[in-house]
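Notes follow the structure.
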Amino acid sequence: MVRGVALSLAKKKQIIELCEKKKLSPTKISQKQKIPYETVRQVLLHRNNLHEPKKRGPKPKVTVRGQRRIPRYVKKHRKVSHRTLTKVLSLNCSPSTTLRTLHIMKMKKKRLRRRPKLTERHVAKRIQFAEEFLLNDQSKKTEIIFSDEKKFRFDGPDGWAYYWYSLDEKDDDSIYSKDYGKYKGVMVHATISSAGILSLDRLQGSITADVWRELLLSKVLPSIHAAHGEQFKYQMDNASCHKNKETLKDLESYGFSFLDWPALSPDLNPVENMWSIMVRKVYEDGVNYENEEDLWAGIQRAGRKITKKDILPLVNSFQKRLTELLKRGGKYVQ
């Protein structure tokens, strides 16, 4: 039976050097290096036959050639699973061994970002918007109101696909996904500014231009006037219900002034970051909801917990996002 750890070649050379150059006895070398006396004696006895000790334990199941092939293949096929990788490369090991090898090579899986691909036209529009905004410095003249819509699900943003359970408990229907086969939820419209969350409203049914207009005039506009008066610019995305020409003209007659927002630019909108804060509060501790009324109540509670202190850094980051966009040549801001 092997005892202790085998000495490396460098350690053996160090022991020999202490004996030959510093003229230390095996006993003193043993005491100084904290190595058993017999080990020191054997090293000195076989000093003319030094070699690197053999590696102990079972041979690695993934060969050196396999370890070279794995990262090369993964870098070309980013979405491949460790099970498919084992089959494709014909590795003589289990998928779990392949996964462990990937981890040893410091390769981890990340969730894909769901972003549409930017064309040259989109990139040019984004750069043009950023340059015009920064040159005009519109934020000093008028307050910018950022807006967005989001649909909240019963089970959370990822459906809570996994959960802990005990092997000795019976099946429980209450832990199954409420979204399965239904895909119901609550659509929420939010506006934020340097004053915090201005409005958080529920949208029901299809969102048409008329529904959106009624929402802005009855709920959003009064909250904007109360916080910032009549001088403001309203940001919105390029959804079809937002771009109805007659509706836009009607809203402009009530004092609305709109930013010429570039398409495919959710990375510039601070409301997207506000949603991430709210989602964590709505689904705190893995809670899920039975119906739309309970979910809406949870969203309202979460909205009340988000303060001006939470929102202000997001709104103030807008110019920094535009500067970063120009540095990246119009590509998405990380």
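Cross-link check: pairs Lys281/Lys327; Lys79/Lys309; Lys249/Lys308; Lys54/Lys79; Lys75/Lys320; Lys141/Lys308 evaluated at a Cα-Cα cut-off of 28 Å; pairs beyond the cut-off: Lys281/Lys327; Lys79/Lys309; Lys249/Lys308; Lys54/Lys79; Lys75/Lys320. Can you bin region 120-327 into rounded, prolate or oblate? Criterion: square roots of the alpha carbon gyration tensor eigenvalues sorted a ≥ b ≥ c, rounded for a/c under 1.5, prolate for a/b above b/c, oblate for the rest. In terms of gyration-tensor shape, prolate.
Projected over every direction and averaged, the convex hull enclosing the alpha-carbon atoms of region 267-334 yields 5.5 nm².
Between Phe256 and residues 5 or more places away or on another chain, which pairs have amide H atoms under 5 Å apart, with H built 1.01 Å from N, and which residues are they? Those lying under 5 Å, H to H, from Phe256: there are none.
Report, in listed order, any pair from Lys117/Lys243; Lys87/Lys108; Lys13/Lys106 with a Cα-Cα distance greater than 30 Å. Beyond 30 Å: Lys13/Lys106. Residues in region 103-110 carry Karplus couplings, in order, of 5, 4, 7, 6, 10, 10, 8, 10 Hz; the curve used is 6.51 cos²θ - 1.76 cosθ + 1.60 with θ = phi - 60°, and Gly or Pro positions show x.
Summary value for region 120-327: 32 percent relative contact order, contacts being C-alpha pairs under 8 angstrom separated by 6+ residues.
Once you charge only the Cβ atoms, +1 for Lys and Arg and -1 for Asp and Glu, what is the size of the charge dipole of region 64-104 about its Cα centre, to the nearest 20 debye?
On the way: 11 positive and 0 negative charges, 44 e Å.
For this selection, approximately 200 debye.
Rounded to the nearest Hz, the phi-derived 3J(HN,Hα) couplings of region 119-135 under the Karplus curve 6.51 cos²θ - 1.76 cosθ + 1.60 (θ = phi - 60°) are 8, 4, 5, 5, 4, 4, 5, 5, 5, 4, 4, 5, 5, 5, 5, 5, 5, where x marks glycine and proline. This ranking places Asp148, Asp201 by how few other beta-carbon atoms lie within 10 Å of each, fewest first, which gives Asp201, Asp148.
Amide H to amide H, with H built 1.01 Å from N, Ile35 comes under 5 Å of no residue 5 or more places away or on another chain. Nearest 0.05, what FRET efficiency do Gln231 and Val211 give at R0 = 22 Å with Cβ-Cβ as r? The pair Gln231/Val211 has a calculated efficiency of 0.25. The string of couplings for region 187-204 from the Karplus curve (6.51, -1.76, 1.60, θ = phi - 60°) is 8, 10, 10, 10, 10, 9, 7, 5, 8, x, 7, 7, 8, 9, 10, 8, 10, 10 Hz, one whole number per residue in order, with x for Gly and Pro.
Between Ser253 and Arg328, the contour length at 0.36 nm per residue exceeds the alpha carbon distance by 23.2 nm. Annotation: amide H-H contacts under 5 Å for Leu198 (H modelled 1.01 Å from N, sequence separation of 5 or more, or interchain): Thr191, Ile192, Ser193.
Computed extension length for Lys23-Glu272: 82.4 nm, one decimal, from 0.36 nm per residue of separation with the Cα-Cα distance subtracted.
State which entries of Lys12/Lys55; Lys76/Lys109; Lys110/Lys184 exceed 22 angstrom in Cα-Cα distance in the structure shown. Listed pairs above 22 Å: Lys110/Lys184.
Taken together, the values in this text are just the output of simple stated rules run on the coordinates, not laboratory data. What you see is a predicted model; the values in this text were computed from it and never measured. All Cβ positions, even for glycine, are placed from backbone atoms using ideal geometry, and neighbour counts span all protein chains on display.
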